[in-house]
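See structure below.
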Amino acid sequence: MSWNISESDWTSVKGKIKSRWGKMTEAQLVVIAGKREGLASKLQEQYALTAEEAESQIKSFEGHTKELRPKKES
């Protein structure tokens, strides 16, 4: 799954990522640049998680983060 995050939404999501995963640095968030795969990779490195654990945590995060939910068509 790939996220489609606008620049303004990414600013908000970055703050939520830092709140959820406190060890994430600003430099890591710059590298992630809104890419879901990048977040998974950095979580694995920073928290010594397996790919499955990182994926599980990201799925939970997605469910609680309105900016990452699919936009409804008008």
List pairs: first in segment 36-59 and under 17 Å from Gly22 (Cα atoms) and assigned to a helix (DSSP H, G or I), second modelled with pLDDT of 95 or more and open to solvent by 70 Å² or more (accessible area, probe 1.4 Å), Cβ under 6 Å, 6+ apart or cross-chain? Gln46/Lys23
On the given criteria, is Ala48 at pLDDT 95 or above and surrounded by fewer than 16 Cβ atoms within 10 Å (Cβ to Cβ)? yes
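Being touching a Lys or Arg at 6+ places or on another chain (Cβ under 7 Å) and part of a helix (DSSP H, G or I) is the filter here; which residues of segment 1-30 pass it?
Gln28, Leu29
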Index of the failed condition, Ala48 passing every other in (1) within 13 Å of the chain's Cα centre (by Cα); (2) at positive phi: (1)
Pull out all pairs, ordered by first then second residue, where Cβ-Cβ is under 7 Å, the residues are six or more apart or on different chains, the first lies in segment 9-33 and is within 20 Å of Glu55 (Cβ to Cβ), and the second is of a type in the set (S, T, N, Q) and in a helix (DSSP H, G or I). Lys23/Gln46; Met24/Gln46
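The values are calculated or read from the model by the stated rules, or taken from the named source; none is laboratory data. Remember, it's a predicted structure, so these values are computed and weren't measured experimentally. All Cβ positions, glycine included, derive from the backbone under ideal geometry; neighbour counts span all protein chains shown. Surface accessibility is based on the protein's heavy atoms, side chains included, excluding ligands, DNA and RNA. Shrake-Rupley method; radii C 1.70, N 1.55, O 1.52, S 1.80 Å.
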